[in-house]
Amino acid sequence: MNHHVTVGEIAPVRLPPPPQPHLDSDPLAAAVIAEMAEEGYERATISGVLRRAGISRAEFDRRFDSLDACALDTYERLIADFERRLGLAFNRQGEWPRALRAAAYECADWFMERPGMIRFGTAEVLKMRSELARVRREEAMSFCAELVDRGREVAPDPDSVPSAAPIIATGSIAQLLTHKAQEGARINPHKAVPEIMHRIVTVYLGAEAAEAEWTAPRP
């Protein structure tokens, strides 16, 4: 079968509502991300967050009763913003793998726009006392896995695609980011998109279709 032909359209994914307040209008959100990304979870302090945010302790106490509560609130809104951004990019295309590629580049943009987000969102959040943080992280990975597994709708042989394929794909990406963030390594997510897409498309559409991902333009 010629896998270079245009594949069929896929169903859109459901989008979460926009986070309220939006991260860009909340100085505490940027401050807690920067504090935990630079100092690490164990050394992060409320006073450090206040200094970065330029707000008073009274204002902090009005909204949160602990640094963990502030970090978890920020993380939940980050996930909502993340899923909405990726979902919108995915839904605009309608065809897989073009839709997945659009979402992958949007994901790269999102990380680049928020310095410290990779370390905060993949490494430091795992050290939080609240189990809810890890639950939210798994939910975000499940959302990404859904985008990946829409490829099953257009795969030439859906039954040949392992049921764990989307979880393995998203889990390996998250593990790579977490490992690099823990090492303090510089990450360029845009450069990783072609390789990630090649691996995923190989599973769903075969090697011939996947080869095109090395040079495929951003939608």
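The values are calculated or read from the model by the stated rules, or taken from the named source; none is laboratory data. Bear in mind the structure is a predicted one, so any value in this text is a computation, not a measurement. Cβ placement follows ideal geometry from the backbone for every residue including glycine, while neighbour counts extend to all protein chains displayed. When the accessible area is computed, the model is the full protein with side chains, heavy atoms only, and any ligands, DNA or RNA have been set aside. Shrake-Rupley method; radii C 1.70, N 1.55, O 1.52, S 1.80 Å.
Before moving on, here are some points about what is shown:
- Total residues in region 114-146, condition modelled with pLDDT of 90 or more and in contact with a Gly (Cβ under 8 Å, 6 or more places away or on another chain): 1
- Test result for residue 218, among the basic types (Lys, Arg), in a loop (DSSP other than H, G, I, E, B) and at pLDDT 85 or above: yes
- Inside region 92-104, residues that are open to solvent by less than 30 Å² (accessible area, probe 1.4 Å) and either part of a helix (DSSP H, G or I) or in contact with a Cys (Cβ under 6 Å, 6 or more places away or on another chain) (or both) make up a count of 6.
One line per residue, one yes/no per condition, for (1) modelled with pLDDT under 95; (2) at positive phi; (3) assigned to a loop (DSSP other than H, G, I, E, B):
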residue: 11; (1), (2), (3): yes, no, yes
residue: 14; (1), (2), (3): yes, no, yes
residue: 17; (1), (2), (3): yes, no, yes
residue: 20; (1), (2), (3): yes, no, yes
residue: 44; (1), (2), (3): no, no, yes
residue: 49; (1), (2), (3): no, no, no
residue: 72; (1), (2), (3): yes, no, no
residue: 78; (1), (2), (3): yes, no, no
residue: 90; (1), (2), (3): no, no, no
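- Residue that is most open to solvent (accessible area, probe 1.4 Å) [pool: residues in region 118-175 that are in contact (Cβ under 8 Å) with a residue 60 or more places away in the chain, farther than 28 Å from residue 201 by Cβ and of a type in the set (Gly, Ala, Ser)]: 130
- Comparison of 49, 32 shows that the only residue that is open to solvent by less than 60 Å² (accessible area, probe 1.4 Å), touching a Cys at 6+ places or on another chain (Cβ under 6 Å) and of a type in the set (A, V, I, L, M) is 32.
- Filter result for residue 60 (open to solvent by less than 10 Å² (accessible area, probe 1.4 Å), of a type in the set (A, V, I, L, M, F, W, C), more than 30 Å from residue 156 (Cα to Cα) and at pLDDT 95 or above): yes
Residues checked against (1) of a type in the set (A, V, I, L, M, F, W, C); (2) in contact (Cβ under 8 Å) with a residue 40 or more places away in the chain:
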position: 32; (1), (2): yes, yes
position: 41; (1), (2): no, yes
position: 45; (1), (2): no, no
position: 58; (1), (2): yes, no
position: 61; (1), (2): no, no
position: 70; (1), (2): yes, yes
position: 84; (1), (2): no, yes
position: 99; (1), (2): yes, yes
